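This report concerns only the one structure given below.
The values are calculated or read from the model by the stated rules, or taken from the named source; none is laboratory data. Computed from a predicted model, the values in this text were never measured in an experiment. Here the Cβ positions follow ideal geometry from the backbone for every residue, glycine too, while neighbour counts run over all protein chains shown. Heads up: the accessible areas ignore ligands, DNA and RNA and are worked out on the full protein's heavy atoms, side chains in. Shrake-Rupley method; radii C 1.70, N 1.55, O 1.52, S 1.80 Å.
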Amino acid sequence: MAAPIVELCDVNKWFGAFHVLKDITLEVAKGEKVVVCGPSGSGKSTMIRCINRLEEHQSGRIVVDGVELADDIKAIDAVRRRVGMVFQSFNLFPHLTVLENLTLAPVRVAGMAPRDAEATAMALLERVRIPEQAGKFPGQLSGGQQQRVAIARALCLKPAVMLFDEPTSALDPEMVGEVLDVMSGLAAEGMTMICVTHEMGFARAVADTMVFMDEGRIVEIAPPARFFDHPANERTKRFLGKIIGH
Amino acid sequence: MKPSFRHRPLDWGRANLFSSPANSLLTVLALALLWQLAPPLVGWGVLRASWGAGDPETCRQAGGACWTLLTEKHRLMLFGVYPYEQHWRPLLAMALFVALLATSANRRFWRPWLAALWLLTVLGIGILMWGGVLGLVPVETAQWGGLPLTLVIAVLAIAMAFPFSILLALGRRSDLPAIKALSVGYIELVRGVPLVSVLFMASVMFPLFLPEGVTIDKALRALVGMTLFTAAYLAEAVRGGLQAIPRGQFEAADVLGLSYWQAMRLIILPQALRLVIPPIVNQFITCFKDTSLVTIVGLYDLLAATKAALNDPGWRPFFVEGYLAAALVYFCFCFFMSRYSQWLERELNRDRR
Ligand SMILES: Nc1ncnc2c1ncn2[C@@H]1O[C@H](COP(=O)(O)OP(=O)(O)OP(=O)(O)O)[C@@H](O)[C@H]1O
Ligand SMILES: [Mg+2]
């Protein structure tokens, strides 16, 4: 097998005295779709935020696309350029139009010509199916539309890996589908994705690998078929029972 | 159907003046007060007032307001002791200033060249006021005075304090302990001291630290004092805006690979500053009015020049008219700033439904 594109090896992290990540080891191959789930407070967000250095880990190794994350600013910049991220709360820039949200980083960070950046942005807006909203401000869009813009924004820098932190949890139920559709489309095109989500239908359809976390540990890693139908771990079973039972 | 124009004032009155018993009572009281105050005011200010050229004696005989004072003394009040036959220079300087401010007020012109325009205009104003080149008679700053001095100090102090205050506010939120300590120390120190003492320090103590023979212009020292003082207060207003920006905005900027300064300039500050337009403009207005304190270091701003004009024993009894006129000038500028800030707020918040 080729070298993994994201590799976490014995990663530990503390918030003060609180041991939030315990010996996390995870390898993600190019094109692999990983869905992370687990109870609230188990460290899912913290783990994926370590992958692009929104959080700093204290021990262990994190390597993204051959670059090891250390205190070196250049490494952090290099990793961030390769990794796109979508947040639960969208985090669009409210004072910029949708199009400006998308072109900002390509022009200011990647040094793209504004015209090219706009063409790329429009193509991405087509892909998330809201090209007609390009001139609006984020506050004028629905939650589902905002999240699709956020996905397009993350794609603008042509990342090799996409991180999603509960991208549908802040949405009204009728808008969850449109965002999951876009994510499924992205998966079908071969994007490497690490998603924290509790949308188990999506996970079953799209994931190559399921990761279950509890109390800062990865408790179970398995392909979805085995994960959902024959979970090995007691805690996984209980968790699945809870969220699928309802 | 024809709209009933005739009932409009009545409806308006009912809605705004007599909407409840308490409001009706207030309206009646206010009307009674107006009834008491208006006739004597009109009698003094208009009917018995003296207008046009004249001397204090005509005023005394008329017994009303002495607007003659303004006709006779307005140049002294406006320009202080600036050489009389050179008054066109400060007048032109003020016109340039107003044109510059009018240009800057327009959002379309918020481009890098505006900074260059500021530098050029300020340079031009400096040359006009100082002279000494282009065949202009040199005029020392000790002779500057009146409204031009007030404008120069207020506008430049605001223009320099604003960027400085942003750096201070960012510094106060910095992760670097030294920068944070410096910013906090500066802000707290300056806020703990009255403006009068800052001006005194700038004008009396500061020269003591300079090497022998080096002097810094008095007006410049006052300007520096005003700037340093205003910046500390502005910094706290700006910090309030920074604190209101959700952490997600910083994270989104980070994730997109924006540098710290890019994130601040493009994402955080544009949002933070528009949130705190009211306290910022509040501080601008305070700064404008506080320029009247430069008189204590011996500069003749608008208020001091007005006072000087009233020093003439014959005119002295008519100080009310003089101060009213000065107050009107201050009010015009401050009112404009306040209206402009309201307009700007609406204009910038169009993206919020
Ligand atoms: N900045 C922080 N400082 C201190 N503790 C934190 C911080 N961020 C998170 N934590 C704690 O770390 C633990 C893990 O948080 P994390 O957000 O990773 O959980 P999660 O699995 O994503 O949960 P959720 O499903 O609620 O999003 C929680 O107990 C949380 O309170
Ligand atoms: Mg989370």
What does the accessible area per residue of chain B come to in Å², with a 1.4 Å probe and no ligands, DNA or RNA counted? 56 Å²
Any chance you could give the angle, 0 to 90 degrees and rounded to 10, that helix A:173-188 forms with the longest Cα principal axis of chain A? 90 degrees
Whole-number D in µm²/s for chain A (Stokes-Einstein; Kirkwood sum over Cα pairs; 25 °C, 0.890 mPa s): 132 µm²/s
Cβ crowding within 10 Å averaged over residues, with B:236-245, A:91-100 ranked highest first: A:91-100, B:236-245
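Using the per-residue mean of other Cβ atoms lying within 10 Å as a proxy for protection, in what order, highest first, do the peptides B:31-40, A:204-213 fall?
Numbers: B:31-40: 10.1, A:204-213: 20.7.
In decreasing order of mean packing, B:31-40, A:204-213 become A:204-213, B:31-40.
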Relative contact order of chain B (C-alpha contacts under 8 Å, at least 6 apart) in percent is 20 percent
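Which of the helices in chain B, when you take each full DSSP H run, stretch at least 30 Å along the axis at their Cα atoms and have an average Kyte-Doolittle score of 1.0 or higher? Numbers along the way, then the final one.
Details: long enough: B:21-42 (31 Å, 1.45); B:146-172 (37 Å, 2.04); B:218-243 (38 Å, 0.73); B:319-348 (43 Å, 0.67).
Helices meeting the criterion: B:21-42, B:146-172.
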Residues listed by number, segment A:90-108, amide nitrogen under 17 Å from A:Asp116 label point at 7 Å toward C-beta: A:103-108
Evaluate Rg over Rh across the protein assembly as shown, taking Cα atoms for both radii and Kirkwood's formula for Rh. 1.12
Along Cα→Cβ, 7 Å out, is where each label goes; now give me the distance between the ones at B:Gln61 and B:Leu29 in nm to one decimal. 4.5 nm
Based solely on its DSSP helices, what 222 nm [θ] is calculated for chain A when runs of n ≥ 4 H residues each add -39,500 (n - 2.57) and the sum is averaged over all residues, nearest 500 deg cm²/dmol? -12000 deg cm²/dmol
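Over the protein assembly as shown, what is the percentage of antiparallel beta bridges among all DSSP beta bridges, to the nearest 5?
Details: 19 of 39 bridges.
Among the beta bridges of the protein assembly as shown, antiparallel pairing accounts for roughly 50 percent.
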Flagged as over-length at 28 Å C-alpha distance, from A:Lys44/A:Lys74; A:Lys136/B:Lys180; A:Lys33/A:Lys136; B:Lys180/B:Lys218; A:Lys30/A:Lys136; A:Lys33/A:Lys242, the pairs are A:Lys136/B:Lys180; A:Lys33/A:Lys136; B:Lys180/B:Lys218; A:Lys30/A:Lys136
How much accessible surface area, in Å² rounded to 10, belongs to the heavy atoms of A:Lys22 with a 1.4 Å probe? 50 Å²
Give, in nm to one decimal, the length gained when the segment between B:Arg173 and B:Ala38 is fully stretched (0.36 nm per residue of separation minus the Cα-Cα distance). 43.2 nm
Would you kindly calculate the mean projected area, averaged across all directions, of the convex hull enclosing the Cα atoms of chain B, in square nanometres? 27.8 nm²
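Could you estimate the translational diffusion coefficient of segment B:275-353 from the Stokes-Einstein equation, with Rh from the Kirkwood formula over C-alpha pairs, at 4 °C and 1.567 mPa s, in whole µm²/s? Don't skip to the answer; put the middle values down first.
Numbers: Rh = 14.7 Å.
Diffusion coefficient, whole number: 88 µm²/s.
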Label model pair B:Arg265, B:Ser338: point-to-point distance (7 angstrom along the Cα→beta-carbon line) in nm is 3.6 nm
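Using only the Cα atoms, work out Rg/Rh for segment B:84-139, with Rh taken as the Kirkwood radius, to two decimals.
On the way: Rg = 13.0 Å, Rh = 12.1 Å.
Reported Rg/Rh, Kirkwood definition of Rh: 1.07.
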Result for interface chain B to chain A, accessible surface buried in total, 1.4 Å probe, Å² to 100, stands at 2000 Å²
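Computed over the Cα atoms, what is the radius of gyration of segment B:163-346 divided by 2.2 N^0.38 Å, N being its residue count?
Here the answer is 1.29, to two decimals.
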Which value, in Å² rounded to 10, gives the accessible area of B:Met129 with a 1.4 Å probe and all protein chains present? 0 Å²
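Counting only other residues whose beta carbon sits under 13 Å from that of B:Cys332, what net charge do I get with K and R as +1, D and E as -1?
Values: positive: B:Lys289, B:Arg339; negative: none.
Spelling it out: positives minus negatives among the neighbours equals +2.
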Nearest 10 degrees is fine. How inclined is helix A:98-108 to the longest principal axis of chain A, computing both from alpha carbons? 80 degrees
Quick one: Debye curve from the C-alpha atoms of segment B:55-156, no solvent, what's log10 I(q)/I(0) at q = 0.13, 0.15, 0.17 Å⁻¹? -0.58, -0.70, -0.81
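Calculate the translational D of segment A:133-219 in whole µm² s⁻¹ from Stokes-Einstein, where the hydrodynamic radius comes from the Kirkwood formula applied to all Cα pairs, the temperature is 37 °C and the viscosity 0.692 mPa s. Let's see the in-between values first.
Numbers: Rh = 14.1 Å.
Estimated via Stokes-Einstein, D reaches 233 µm²/s.
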Placed amide H near A:Val86: partners under 5 Å, 5+ positions off or other chain: A:Leu163, A:Phe164, A:Asp165
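Working from the alpha-carbon coordinates of segment A:114-164, get Rg over Rh, Rh being the Kirkwood radius.
Values: Rg = 10.8 Å, Rh = 11.3 Å.
Taking Rh as the inverse mean 1/r over Cα pairs, Rg/Rh reads 0.96.
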What does the average come to when, for each residue of peptide A:93-103, you count the partner chain Cβ atoms lying within 10 Å of its Cβ? 3
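Can you list, largest first and rounded to whole Å, the semi-axes you get for segment A:64-205 by taking the square root of 5 times each eigenvalue of its Cα gyration tensor? Numbers along the way, then the final one.
Values: eigenvalues 103, 85, 35 Å².
The equivalent ellipsoid of segment A:64-205 has semi-axes of 23, 21, 13 Å.
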Relative to the longest principal Cα axis of chain A, at what angle does helix A:114-127 sit, 0 to 90 degrees, rounded to 10? 60 degrees
